[in-house]
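Working notes for the structure below.
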Amino acid sequence: MRVLVTGATGYIGGSVAARLLSAGHEVIGIVRSEEKAARLSSLGIEPIIATLADLGTLADAARKADAIINAADADNSLVVHSLLDAIEGSKKRFIHTSGSSVVADRAAGGVSEAIFTEDIPFEPLPERLLRVAVDRLVLAAALRGVHSVVIRPALIYGRGHGLNPHSVQIPRLIELAKQHRIARHVGRGLNIWSHVFIDDVVDLYLLALANAPAGSLFYAENGETSWKSMASAVGRALGFGAETRDWPVEEAVAAWGVSAITSFGSNSRVRSFKARRMLGWNPIGPQLIDEIEHGCSHEDFGPK
């Protein structure tokens, strides 16, 4: 199968692209520069040099592909519109990458008991309205002759397999702890996020590519933990000890912007019963705390 991957140089897209190659598929990746194009080529991925603003180029690439995995920008409605319009009526598989932050709250480090599955309604934060709208656009494309699927991973961790092997959230906790010489978390850090190992996420993409019904939505998670526990594990791994310190929300927002609220200070608790039941997904990766302290993520710590 000839698969177009947007975000092929990124953490998720690069890892999915690597697995597709190992499974015998032909992979085409969108890149912005000649330098990254050369690096993709060295991995066996056919590069197309374009930005997400080159809608015509993206649409043409989609028409020439057998399937599309969009792992570039979950909020970019223009890209999704263009790709879906290009393959309308083709029955091609289109897998869109969203995220469990769509159910995030404004807990500012407090805990919430709300847990979501795909069938539980929710009211997204204003900052996530566009992402939810794009998800709905993709799902509705099943009525337009596109075999569309949305995957919403929870917090992803572990070493990636593409040009960018680094996840997002844990490295930021590491750098924060290094900066203050003690592990920190937004507010009290009691807020909880579901999480999932990168290799398990990739497994789900390939299962969805092969077997997911058109119009399907899947959360991807394999456990959950509080940000205080994550921070404490970071502190132990850095040799600072298990003690953590609250990071006032105002300071966190000043340093990290809105993500301090919508990600690091929020709750995002989901369950992936549907992926397990419908696709036979069986995540087996190491749990997050063990990975922080002993796994390959330890390579992200660098000099203390």
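For the range 130-168, a tally of residues being touching a helix residue (DSSP H, G or I) at 6+ places or on another chain (Cβ under 8 Å), of a type in the set (D, E, K, R) and either buried (at least 24 other Cβ atoms within 10 Å of the Cβ) or within 24 Å of THR117 (Cα to Cα) (or both) returns 3.
Of the residues screened, THR51 is not one that is outside any strand (DSSP E or B), surrounded by 15 or more Cβ atoms within 10 Å (Cβ to Cβ) and among the β-branched types (Val, Ile, Thr). Scan the range 54-68 for residues that are charged (D, E, K, R) and either under 21 Å from the mean Cα position of the chain (by Cα) or crowded, with 22+ Cβ neighbours inside 10 Å (or both) and the total you get is 0.
Out of curiosity, is ILE95 surrounded by fewer than 23 Cβ atoms within 10 Å (Cβ to Cβ), assigned to a strand (DSSP E or B) and not charged (D, E, K, R)? Walk me through how you get there before you give the answer.
Details: surrounded by fewer than 23 Cβ atoms within 10 Å (Cβ to Cβ): no; assigned to a strand (DSSP E or B): yes; not charged (D, E, K, R): yes.
No: the conditions fail for ILE95.
For the range 204-243, the tally of residues that are in contact with a His (Cβ under 6 Å, 6 or more places away or on another chain) and either β-branched (Val, Ile, Thr) or not in a loop (DSSP other than H, G, I, E, B) (or both) stands at 3. The selection criterion, being more than 21 Å from the chain's Cα centre (by Cα) and modelled with pLDDT of 95 or more, holds for GLY89.
Filtering ARG172, ARG131 for residues that are over 21 Å from ARG236 (Cβ atoms), assigned to a helix (DSSP H, G or I), of a type outside the set (A, V, I, L, M) and in contact (Cβ under 8 Å) with a residue 40 or more places away in the chain leaves a single hit, ARG131.
Look at ILE87 and say whether it is under 22 Å from SER272 (Cα atoms) and among the β-branched types (Val, Ile, Thr).
On the way: under 22 Å from SER272 (Cα atoms): no; among the β-branched types (Val, Ile, Thr): yes.
It is false that ILE87 is under 22 Å from SER272 (Cα atoms) and among the β-branched types (Val, Ile, Thr).
All of (1) exposed (fewer than 15 other Cβ atoms within 10 Å of the Cβ); (2) closer than 19 Å to LEU83 by Cα; (3) small (Gly, Ala, Ser) hold for ALA8 with one exception: (1).
Please work out which residue is surrounded by the fewest Cβ atoms within 10 Å (Cβ to Cβ), limiting yourself to the range 21-35 and to residues that are over 22 Å from the mean Cα position of the chain (by Cα) and without any contact (Cβ under 8 Å) to a residue 24 or more places away in the chain. Among those residues, the one meeting the criterion is GLY24.
The single condition from (1) touching a Lys or Arg at 6+ places or on another chain (Cβ under 9 Å); (2) in a helix (DSSP H, G or I); (3) within 16 Å of HIS147 (Cβ to Cβ); (4) free of Cβ contacts under 8 Å to residues at least 60 places away in the same chain that LEU84 fails is (4). Just one of the numbered conditions (1) closer than 30 Å to SER226 by Cβ; (2) aliphatic (A, V, I, L, M); (3) more than 23 Å from the chain's Cα centre (by Cα) is not true of ALA71: (3). Every condition in (1) part of a helix (DSSP H, G or I); (2) surrounded by 14 or more Cβ atoms within 10 Å (Cβ to Cβ) is met by ALA38 except one, and the failing one is (2).
Residues checked against (1) more than 20 Å from ALA220 (Cα to Cα); (2) at pLDDT 95 or above; (3) in contact with a strand residue (DSSP E or B) (Cβ under 7 Å, 6 or more places away or on another chain):
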| position | (1), (2), (3) |
| --- | --- |
| GLY99 | no, yes, yes |
| GLY109 | yes, yes, yes |
| ASP119 | no, yes, no |
| ARG131 | no, yes, no |
| ILE151 | no, yes, yes |
| ILE174 | yes, yes, no |
| ILE192 | no, yes, yes |
| HIS195 | no, yes, yes |
| ASP199 | no, yes, no |
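Residues in the range 16-37: is at least one of a type in the set (D, E, K, R), modelled with pLDDT of 95 or more, touching a Lys or Arg at 6+ places or on another chain (Cβ under 8 Å) and within 23 Å of VAL146 (Cβ to Cβ)? Checked the range 16-37: at least one residue is of a type in the set (D, E, K, R), modelled with pLDDT of 95 or more, touching a Lys or Arg at 6+ places or on another chain (Cβ under 8 Å) and within 23 Å of VAL146 (Cβ to Cβ).
The values are calculated or read from the model by the stated rules, or taken from the named source; none is laboratory data. All of these numbers come straight from a predicted model, not from anything done at the bench. Neighbour counts are summed over all protein chains in view; Cβ atoms, including those assigned to glycine, are modelled from backbone coordinates with ideal geometry.
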